[in-house]
Amino acid sequence: MKANAMIQTTTVIILDRDLHQSEFLVQFLKEHDIPVQNSTVLEPLLPVPDDEMKRLYLLDYHTMTFEERDAVIRLFKSFNQHSHAIVFNVPSDASKRIVFYELGAFRVFDKSVNIVDVAENVAWWYQLVNARPESPNVLMQGQLAKMDFINLLWAIAKHQVNGILELSMKRNHGEIYFKDGQVIHAQVLTHQG
């Protein structure tokens with residue numbers, strides 16, 4: 001007898017010691033049918049599994065200050081192309097925000113951003129990564145070092161291609177979304193638009 005099981009391919013993992021705040025986030029995400037896990041300490045989250053599951057780590061700055069610096073850095077360094085991090089409640093000091101971007105954070109929100117906006121940003125991310133088909137048709141793959149990027153973009157526009165161009169290099173990952181050959185969205189590291 002076979003059992004049909006739905007395999008989750010996307011989840012949000014919250015690291016937050018503030019119970020009121022984490023309860024709000026968990027409730028908000030569950031109301032939006034977003035799978036969520038919650039932890040008050042970093043250790044159970046390490047190491048990040050090296051698999052195809054998409055994960056968004058929602059990391060409270062204040063909670064991370066209770067963790068060993070090396071453990072926080074190890075978390076960020078273990079991210080693969082399917083792992084992203086949003087750090088929130090960061091002090092207004094711009095250098096602290098920049099450090100998290102340099103570590104590879106997808107988004108960094110300072111204390112002035114309220115928790116509802118953070119939760120809505122997570123919901124937006126979830127919709128974006130789940131908007132893709134489970135088994136995309138790969139029309140082309142290769143190395144940009146062997147191809148003129150401008151000619152590639154020209155061909156996509158000329159043939160009015162719909163799809164996603166994924167760009168990967170070691171720990172860096174970016175995507176350019178096309179509809180009828182026109183760029184409709186792009187995301188590379190922490191930049192998007």
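The values are calculated or read from the model by the stated rules, or taken from the named source; none is laboratory data. Computed from a prediction, not measured in an experiment: that's the story for all the values here. In this analysis, Cβ positions are derived from the backbone assuming ideal geometry, glycine residues included, and neighbour counts consider all displayed protein chains. Quick note on the areas: whole protein, heavy atoms, side chains included, nothing else; ligands and nucleic acids left out. Shrake-Rupley method; radii C 1.70, N 1.55, O 1.52, S 1.80 Å.
A few points about this structure:
- Some residue of region 57-67 being loosely packed, with under 14 Cβ neighbours inside 10 Å and in a helix (DSSP H, G or I): no
- Filter result for Val113 (buried (at least 16 other Cβ atoms within 10 Å of the Cβ) and either in contact with a Leu (Cβ under 7 Å, 6 or more places away or on another chain) or not in a strand (DSSP E or B) (or both)): no
- The listed residue being open to solvent by 90 Å² or more (accessible area, probe 1.4 Å) and at pLDDT 85 or above, out of Gln141, Gln182, Gln127: Gln182
- Candidates Ser92, Ser39 - the one that is open to solvent by less than 30 Å² (accessible area, probe 1.4 Å) and farther than 27 Å from Gly174 by Cβ: Ser39
- For Gln27, the criteria (1) farther than 22 Å from Val188 by Cβ; (2) touching a strand residue (DSSP E or B) at 6+ places or on another chain (Cβ under 8 Å); (3) modelled with pLDDT of 95 or more hold in every case but one, which is (2).
- Cβ pairs under 6 Å, 6+ apart, first in region 83-111 and among the basic types (Lys, Arg), second outside any loop (DSSP other than H, G, I, E, B): Lys96/Val90; Arg97/Val90; Arg97/Val108; Arg107/Ile86; Lys111/Asn89
- Which numbered condition Ile86 misses (of (1) out of contact with any helix residue (DSSP H, G or I) (no Cβ under 8 Å at 6 or more places or on another chain); (2) within 25 Å of Gln192 (Cβ to Cβ)): (1)
- Residue in region 53-68 that is among the aromatic types (Phe, Trp, Tyr), in contact with a strand residue (DSSP E or B) (Cβ under 6 Å, 6 or more places away or on another chain) and under 18 Å from Ala123 (Cβ atoms) present: yes
- Among the residues of region 42-53, the one identified as open to solvent by 40 Å² or more (accessible area, probe 1.4 Å), touching a helix residue (DSSP H, G or I) at 6+ places or on another chain (Cβ under 9 Å) and outside any loop (DSSP other than H, G, I, E, B) is Glu43.
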